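This report concerns only the one structure given below.
The values are calculated or read from the model by the stated rules, or taken from the named source; none is laboratory data. Worth saying up front: this structure is predicted, and the values here are computed from it rather than measured. Using ideal geometry, Cβ is built from the backbone for each residue, glycine included, and neighbour counts are taken over all protein chains shown. For accessibility, only protein heavy atoms count, side chains too; no ligands or nucleic acids. Shrake-Rupley method; radii C 1.70, N 1.55, O 1.52, S 1.80 Å.
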Amino acid sequence: MNRPPEAYIHVDETSLLAFTTACFEKVGLSAHHASIISRLLVNSDLRGVRSHGVRAASGYTRSFAEGHHNPRPNVRVIAESPTSVIVDGDGTLGYWPMVEATEGAIAKACETGLGMGLARHIGHYGSAGHYSRMCMESGCIGFSVQGYRNMGDARGLDPKPQIGYFGNPPLCFGMPAGDEPPIVQDVATRILADYQHSPEFDDLLSRIPAAFFKSIGYGAVATVLGCALAGAALPEADEVQDRWPGANHGGMVLAIHIETVIPGGDFSKEVDRFVKDVRETYEPMPGYDEALLPGAIEEERMALHREQGIRFGEIEQRTVREMGERLDVPLPF
(Lines give C-alpha, C1' and ligand atoms only; values in the text may rest on other atoms or scores of the structure.)
Protein backbone atom coordinates (compact mmCIF):
# COMPACT_ATOMS: atom_id res chain seq x y z
CA MET A 1 0.00 0.00 0.00
CA ASN A 2 1.03 3.61 -0.52
CA ARG A 3 1.50 4.46 3.13
CA PRO A 4 2.86 7.91 4.05
CA PRO A 5 6.63 7.90 4.60
CA GLU A 6 7.79 7.75 8.21
CA ALA A 7 10.63 10.22 7.58
CA TYR A 8 10.16 12.94 5.00
CA ILE A 9 10.72 16.50 3.86
CA HIS A 10 8.10 18.80 2.39
CA VAL A 11 8.41 19.65 -1.31
CA ASP A 12 6.46 22.44 -2.96
CA GLU A 13 4.10 21.31 -5.73
CA THR A 14 5.10 24.07 -8.15
CA SER A 15 8.82 23.45 -7.66
CA LEU A 16 8.40 19.70 -8.14
CA LEU A 17 6.36 20.22 -11.29
CA ALA A 18 8.96 22.55 -12.80
CA PHE A 19 11.80 20.17 -11.91
CA THR A 20 10.10 17.13 -13.42
CA THR A 21 9.18 18.97 -16.60
CA ALA A 22 12.78 20.15 -17.02
CA CYS A 23 14.06 16.58 -16.60
CA PHE A 24 11.79 15.25 -19.35
CA GLU A 25 12.77 18.10 -21.65
CA LYS A 26 16.43 17.20 -21.08
CA VAL A 27 15.86 13.75 -22.62
CA GLY A 28 14.20 15.16 -25.71
CA LEU A 29 10.50 15.59 -24.97
CA SER A 30 8.67 18.66 -26.21
CA ALA A 31 7.52 21.14 -23.58
CA HIS A 32 3.90 20.06 -24.14
CA HIS A 33 4.68 16.36 -23.79
CA ALA A 34 6.89 16.90 -20.73
CA SER A 35 4.26 19.02 -19.01
CA ILE A 36 1.53 16.39 -19.44
CA ILE A 37 3.58 13.56 -17.92
CA SER A 38 4.90 15.78 -15.13
CA ARG A 39 1.46 17.07 -14.19
CA LEU A 40 0.08 13.56 -13.81
CA LEU A 41 3.09 12.30 -11.84
CA VAL A 42 2.87 15.23 -9.42
CA ASN A 43 -0.86 14.63 -9.09
CA SER A 44 -0.07 11.10 -7.90
CA ASP A 45 2.31 12.47 -5.26
CA LEU A 46 -0.32 14.98 -4.16
CA ARG A 47 -2.77 12.13 -3.60
CA GLY A 48 -0.17 10.10 -1.70
CA VAL A 49 0.10 7.47 -4.44
CA ARG A 50 3.87 7.39 -4.06
CA SER A 51 4.43 4.35 -6.27
CA HIS A 52 3.20 6.29 -9.31
CA GLY A 53 4.57 9.72 -8.50
CA VAL A 54 7.68 11.63 -9.55
CA ARG A 55 9.97 8.87 -8.35
CA ALA A 56 8.87 6.95 -11.47
CA ALA A 57 10.33 9.71 -13.64
CA SER A 58 13.87 8.46 -13.06
CA GLY A 59 13.12 5.21 -14.88
CA TYR A 60 11.04 7.00 -17.51
CA THR A 61 13.82 9.46 -18.40
CA ARG A 62 16.30 6.59 -18.72
CA SER A 63 13.84 4.75 -20.95
CA PHE A 64 13.55 7.73 -23.29
CA ALA A 65 17.32 8.33 -23.31
CA GLU A 66 18.07 4.67 -24.03
CA GLY A 67 15.59 4.37 -26.88
CA HIS A 68 12.99 2.14 -25.24
CA HIS A 69 10.27 4.76 -25.81
CA ASN A 70 9.84 7.43 -28.46
CA PRO A 71 10.62 10.92 -27.07
CA ARG A 72 9.24 12.69 -30.17
CA PRO A 73 6.10 10.74 -31.09
CA ASN A 74 3.46 11.65 -33.61
CA VAL A 75 0.49 11.18 -31.27
CA ARG A 76 -2.66 11.35 -33.35
CA VAL A 77 -6.26 10.19 -33.68
CA ILE A 78 -6.29 7.53 -36.40
CA ALA A 79 -9.95 6.47 -36.31
CA GLU A 80 -13.24 7.39 -34.70
CA SER A 81 -16.92 6.52 -34.70
CA PRO A 82 -19.91 8.24 -33.07
CA THR A 83 -18.96 6.60 -29.75
CA SER A 84 -15.23 5.85 -29.97
CA VAL A 85 -11.84 7.34 -30.70
CA ILE A 86 -8.55 5.52 -31.34
CA VAL A 87 -5.20 7.18 -30.69
CA ASP A 88 -1.83 5.99 -31.99
CA GLY A 89 0.90 6.61 -29.40
CA ASP A 90 3.78 6.00 -31.85
CA GLY A 91 5.92 4.16 -29.31
CA THR A 92 5.89 6.69 -26.49
CA LEU A 93 4.82 6.34 -22.86
CA GLY A 94 1.06 6.10 -22.42
CA TYR A 95 0.41 9.39 -20.61
CA TRP A 96 -0.05 11.80 -23.52
CA PRO A 97 -1.85 9.32 -25.82
CA MET A 98 -4.24 8.37 -23.02
CA VAL A 99 -5.00 11.99 -22.22
CA GLU A 100 -5.92 12.44 -25.89
CA ALA A 101 -8.02 9.25 -25.85
CA THR A 102 -9.78 10.33 -22.65
CA GLU A 103 -10.60 13.78 -23.98
CA GLY A 104 -12.03 12.10 -27.08
CA ALA A 105 -14.07 9.65 -25.01
CA ILE A 106 -15.51 12.47 -22.91
CA ALA A 107 -16.51 14.43 -26.01
CA LYS A 108 -18.25 11.37 -27.44
CA ALA A 109 -20.02 10.70 -24.13
CA CYS A 110 -21.33 14.24 -23.94
CA GLU A 111 -22.83 13.77 -27.41
CA THR A 112 -24.19 10.23 -27.19
CA GLY A 113 -24.14 9.22 -23.51
CA LEU A 114 -21.21 6.80 -23.86
CA GLY A 115 -17.71 7.33 -25.16
CA MET A 116 -14.71 5.02 -25.44
CA GLY A 117 -11.10 5.97 -26.01
CA LEU A 118 -8.35 3.53 -26.99
CA ALA A 119 -4.60 4.14 -27.16
CA ARG A 120 -2.31 1.71 -28.99
CA HIS A 121 1.45 1.35 -29.40
CA ILE A 122 2.21 2.87 -26.00
CA GLY A 123 4.24 2.16 -22.89
CA HIS A 124 3.19 2.40 -19.24
CA TYR A 125 0.41 4.92 -18.68
CA GLY A 126 0.83 5.30 -14.92
CA SER A 127 -2.11 5.29 -12.57
CA ALA A 128 -5.41 4.35 -14.21
CA GLY A 129 -7.00 6.92 -11.93
CA HIS A 130 -5.67 9.81 -14.01
CA TYR A 131 -8.07 9.05 -16.82
CA SER A 132 -11.09 8.10 -14.71
CA ARG A 133 -10.67 11.36 -12.79
CA MET A 134 -10.64 13.31 -16.04
CA CYS A 135 -14.01 11.73 -16.81
CA MET A 136 -15.37 12.67 -13.39
CA GLU A 137 -14.29 16.28 -13.82
CA SER A 138 -16.46 16.41 -16.96
CA GLY A 139 -19.63 15.01 -15.39
CA CYS A 140 -18.98 11.39 -16.33
CA ILE A 141 -18.40 8.08 -14.61
CA GLY A 142 -15.01 6.85 -15.77
CA PHE A 143 -13.43 3.45 -16.19
CA SER A 144 -9.88 2.91 -17.39
CA VAL A 145 -7.66 -0.12 -17.78
CA GLN A 146 -4.27 -0.93 -19.28
CA GLY A 147 -3.00 -4.26 -20.58
CA TYR A 148 0.25 -5.42 -22.11
CA ARG A 149 1.27 -7.98 -24.69
CA ASN A 150 2.44 -11.47 -23.72
CA MET A 151 1.36 -11.09 -20.09
CA GLY A 152 -0.05 -14.61 -20.13
CA ASP A 153 2.80 -16.29 -22.03
CA ALA A 154 4.74 -18.57 -19.68
CA ARG A 155 6.02 -20.94 -22.33
CA GLY A 156 9.64 -21.91 -21.88
CA LEU A 157 9.78 -20.88 -18.25
CA ASP A 158 10.92 -23.59 -15.87
CA PRO A 159 9.41 -23.86 -13.37
CA LYS A 160 6.10 -22.47 -14.52
CA PRO A 161 5.02 -19.36 -12.60
CA GLN A 162 2.19 -19.67 -10.10
CA ILE A 163 -1.04 -18.45 -11.71
CA GLY A 164 -2.14 -16.99 -8.37
CA TYR A 165 0.44 -14.24 -9.00
CA PHE A 166 -0.72 -13.74 -12.58
CA GLY A 167 -0.27 -10.24 -14.01
CA ASN A 168 -0.88 -6.95 -12.27
CA PRO A 169 -2.28 -4.41 -14.75
CA PRO A 170 -3.98 -1.24 -13.47
CA LEU A 171 -7.65 -0.40 -13.61
CA CYS A 172 -9.85 2.29 -12.12
CA PHE A 173 -13.53 3.06 -11.67
CA GLY A 174 -14.26 6.70 -10.84
CA MET A 175 -17.68 7.97 -9.70
CA PRO A 176 -18.19 11.63 -8.85
CA ALA A 177 -20.03 12.76 -5.75
CA GLY A 178 -21.30 16.11 -4.50
CA ASP A 179 -20.18 17.26 -1.06
CA GLU A 180 -18.65 13.90 -0.14
CA PRO A 181 -15.42 12.50 -1.59
CA PRO A 182 -15.80 10.73 -4.94
CA ILE A 183 -15.59 6.95 -5.09
CA VAL A 184 -12.38 6.09 -6.95
CA GLN A 185 -11.34 2.45 -7.07
CA ASP A 186 -7.80 2.92 -8.42
CA VAL A 187 -5.98 -0.40 -8.12
CA ALA A 188 -3.79 -3.02 -9.67
CA THR A 189 -5.59 -6.27 -10.36
CA ARG A 190 -3.52 -8.71 -8.28
CA ILE A 191 -4.61 -9.44 -4.72
CA LEU A 192 -0.99 -9.11 -3.56
CA ALA A 193 1.55 -6.45 -4.43
CA ASP A 194 4.43 -7.17 -6.82
CA TYR A 195 6.91 -7.52 -3.95
CA GLN A 196 4.77 -9.98 -1.97
CA HIS A 197 6.27 -13.23 -3.29
CA SER A 198 7.61 -15.56 -0.61
CA PRO A 199 6.63 -18.74 1.27
CA GLU A 200 4.86 -16.48 3.76
CA PHE A 201 2.43 -15.37 1.05
CA ASP A 202 2.33 -18.71 -0.79
CA ASP A 203 0.37 -20.08 2.15
CA LEU A 204 -2.48 -17.70 1.29
CA LEU A 205 -3.05 -19.47 -2.04
CA SER A 206 -4.72 -22.37 -0.27
CA ARG A 207 -6.16 -20.39 2.65
CA ILE A 208 -8.10 -17.79 0.62
CA PRO A 209 -8.25 -19.17 -2.94
CA ALA A 210 -11.35 -17.14 -3.83
CA ALA A 211 -9.36 -13.91 -3.53
CA PHE A 212 -6.74 -15.19 -5.95
CA PHE A 213 -9.30 -16.48 -8.44
CA LYS A 214 -10.82 -13.00 -8.48
CA SER A 215 -7.48 -11.32 -9.14
CA ILE A 216 -6.63 -13.82 -11.90
CA GLY A 217 -9.91 -12.92 -13.58
CA TYR A 218 -9.33 -9.17 -13.20
CA GLY A 219 -5.89 -9.56 -14.76
CA ALA A 220 -7.31 -11.46 -17.72
CA VAL A 221 -10.10 -8.92 -18.29
CA ALA A 222 -7.63 -6.04 -18.05
CA THR A 223 -5.35 -7.65 -20.61
CA VAL A 224 -8.14 -8.14 -23.14
CA LEU A 225 -9.81 -4.73 -22.68
CA GLY A 226 -6.61 -2.75 -22.29
CA CYS A 227 -4.45 -4.52 -24.84
CA ALA A 228 -6.30 -6.79 -27.28
CA LEU A 229 -9.11 -4.28 -27.81
CA ALA A 230 -6.54 -1.53 -28.32
CA GLY A 231 -4.88 -3.40 -31.17
CA ALA A 232 -2.15 -5.67 -29.82
CA ALA A 233 -2.59 -8.17 -32.65
CA LEU A 234 -2.48 -5.66 -35.50
CA PRO A 235 0.28 -6.29 -38.06
CA GLU A 236 2.12 -3.06 -37.25
CA ALA A 237 2.34 -3.82 -33.51
CA ASP A 238 5.46 -5.95 -33.93
CA GLU A 239 7.13 -3.29 -36.05
CA VAL A 240 6.46 -0.57 -33.49
CA GLN A 241 7.73 -2.74 -30.65
CA ASP A 242 10.87 -3.67 -32.59
CA ARG A 243 11.68 0.02 -32.87
CA TRP A 244 10.48 1.04 -29.41
CA PRO A 245 10.74 -2.05 -27.15
CA GLY A 246 8.83 -0.46 -24.29
CA ALA A 247 5.73 0.13 -26.40
CA ASN A 248 4.06 -3.20 -25.67
CA HIS A 249 1.00 -1.76 -23.91
CA GLY A 250 -2.45 -0.52 -24.81
CA GLY A 251 -5.04 1.46 -22.89
CA MET A 252 -8.79 1.89 -22.75
CA VAL A 253 -11.05 4.45 -21.12
CA LEU A 254 -14.85 4.48 -20.99
CA ALA A 255 -16.84 7.61 -20.14
CA ILE A 256 -20.52 7.44 -19.11
CA HIS A 257 -22.24 10.81 -19.23
CA ILE A 258 -24.42 11.02 -16.13
CA GLU A 259 -26.84 13.73 -17.34
CA THR A 260 -27.81 11.51 -20.27
CA VAL A 261 -29.61 9.08 -17.96
CA ILE A 262 -30.29 10.98 -14.72
CA PRO A 263 -30.08 14.59 -13.51
CA GLY A 264 -26.56 15.13 -12.20
CA GLY A 265 -27.80 16.63 -8.95
CA ASP A 266 -29.88 13.55 -8.15
CA PHE A 267 -26.95 11.27 -8.89
CA SER A 268 -24.59 13.27 -6.65
CA LYS A 269 -27.18 13.37 -3.88
CA GLU A 270 -27.49 9.58 -3.86
CA VAL A 271 -23.72 9.03 -3.96
CA ASP A 272 -23.31 11.47 -1.08
CA ARG A 273 -25.96 9.63 0.94
CA PHE A 274 -24.28 6.31 0.27
CA VAL A 275 -20.80 7.53 1.22
CA LYS A 276 -22.11 9.18 4.40
CA ASP A 277 -24.09 6.09 5.43
CA VAL A 278 -21.03 3.86 5.08
CA ARG A 279 -18.89 6.22 7.12
CA GLU A 280 -21.44 6.49 9.92
CA THR A 281 -22.68 2.89 10.17
CA TYR A 282 -19.57 0.73 9.66
CA GLU A 283 -16.59 0.10 11.90
CA PRO A 284 -13.28 1.22 10.38
CA MET A 285 -10.63 -1.18 9.10
CA PRO A 286 -8.02 -2.08 11.76
CA GLY A 287 -5.58 0.77 12.19
CA TYR A 288 -7.88 3.44 10.72
CA ASP A 289 -10.07 6.05 12.40
CA GLU A 290 -12.91 6.14 9.87
CA ALA A 291 -14.81 3.76 7.63
CA LEU A 292 -13.94 5.22 4.25
CA LEU A 293 -14.63 4.16 0.69
CA PRO A 294 -11.89 4.17 -1.98
CA GLY A 295 -10.89 7.69 -3.01
CA ALA A 296 -11.53 9.43 0.30
CA ILE A 297 -7.98 9.12 1.62
CA GLU A 298 -6.56 10.49 -1.64
CA GLU A 299 -8.80 13.55 -1.34
CA GLU A 300 -7.61 14.16 2.22
CA ARG A 301 -3.97 13.81 1.27
CA MET A 302 -4.26 16.11 -1.72
CA ALA A 303 -5.73 18.86 0.45
CA LEU A 304 -3.00 18.35 3.05
CA HIS A 305 -0.17 18.31 0.51
CA ARG A 306 -1.43 21.39 -1.28
CA GLU A 307 -1.48 23.23 2.03
CA GLN A 308 1.76 21.95 3.62
CA GLY A 309 3.80 20.59 0.72
CA ILE A 310 4.20 17.06 -0.59
CA ARG A 311 5.71 14.61 1.90
CA PHE A 312 8.81 13.31 0.17
CA GLY A 313 10.22 10.16 1.74
CA GLU A 314 13.70 8.68 1.47
CA ILE A 315 12.88 6.73 -1.70
CA GLU A 316 11.53 9.84 -3.43
CA GLN A 317 14.49 11.95 -2.36
CA ARG A 318 17.01 9.36 -3.52
CA THR A 319 15.47 8.78 -6.97
CA VAL A 320 14.89 12.48 -7.61
CA ARG A 321 18.43 13.34 -6.53
CA GLU A 322 19.85 10.68 -8.87
CA MET A 323 17.78 11.99 -11.78
CA GLY A 324 18.65 15.62 -11.10
CA GLU A 325 22.36 14.89 -10.95
CA ARG A 326 22.25 12.68 -14.06
CA LEU A 327 20.42 15.30 -16.11
CA ASP A 328 22.00 18.38 -14.50
CA VAL A 329 18.69 19.82 -13.31
CA PRO A 330 18.63 21.71 -9.95
CA LEU A 331 16.73 19.81 -7.26
CA PRO A 332 13.33 21.05 -6.06
CA PHE A 333 14.38 20.79 -2.40
Here the qualifying pairs (Cβ atoms under 6 Å; residues six or more apart or on different chains; first in the range 218-232 and over 16 Å from LEU254 (Cβ atoms) and of a type outside the set (Asp, Glu); second open to solvent by 60 Å² or more (accessible area, probe 1.4 Å) and in a loop (DSSP other than H, G, I, E, B)) come out as none
**Prompt:** Would the range 65-76 turn up any residue that is assigned to a helix (DSSP H, G or I) and more than 24 Å from CYS172 (Cβ to Cβ)?
**Reply:** yes
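Quick test for you: out of ALA109, ALA154, ALA119, pick the one residue that is in a helix (DSSP H, G or I) and touching a helix residue (DSSP H, G or I) at 6+ places or on another chain (Cβ under 9 Å). Walk me through how you get there before you give the answer.
Working: ALA154 fails: in a helix (DSSP H, G or I); ALA119 fails: in a helix (DSSP H, G or I).
So the residue among ALA109, ALA154, ALA119 that is in a helix (DSSP H, G or I) and touching a helix residue (DSSP H, G or I) at 6+ places or on another chain (Cβ under 9 Å) is ALA109.
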Checklist entry - Do we find a residue being part of a helix (DSSP H, G or I), under 29 Å from GLY59 (Cβ atoms) and open to solvent by 50 Å² or more (accessible area, probe 1.4 Å) anywhere in the range 268-278? => result no
*Residue within the range 292-312 that is without any contact (Cβ under 8 Å) to a residue 24 or more places away in the chain, among the small types (Gly, Ala, Ser) and open to solvent by less than 40 Å² (accessible area, probe 1.4 Å) present*: no
Checking PHE24, PHE19 in turn, the sole residue that is in contact (Cβ under 8 Å) with a residue 12 or more places away in the chain, farther than 29 Å from GLU239 by Cα, open to solvent by less than 20 Å² (accessible area, probe 1.4 Å) and among the hydrophobic types (A, V, I, L, M, F, W, C) turns out to be PHE19
ALA233: passes all of (1) assigned to a helix (DSSP H, G or I); (2) open to solvent by 70 Å² or more (accessible area, probe 1.4 Å) but (1)
Condition set part of a loop (DSSP other than H, G, I, E, B) and more than 19 Å from ARG47 (Cα to Cα), scope the range 159-177, selection most open to solvent (accessible area, probe 1.4 Å): answer is LYS160
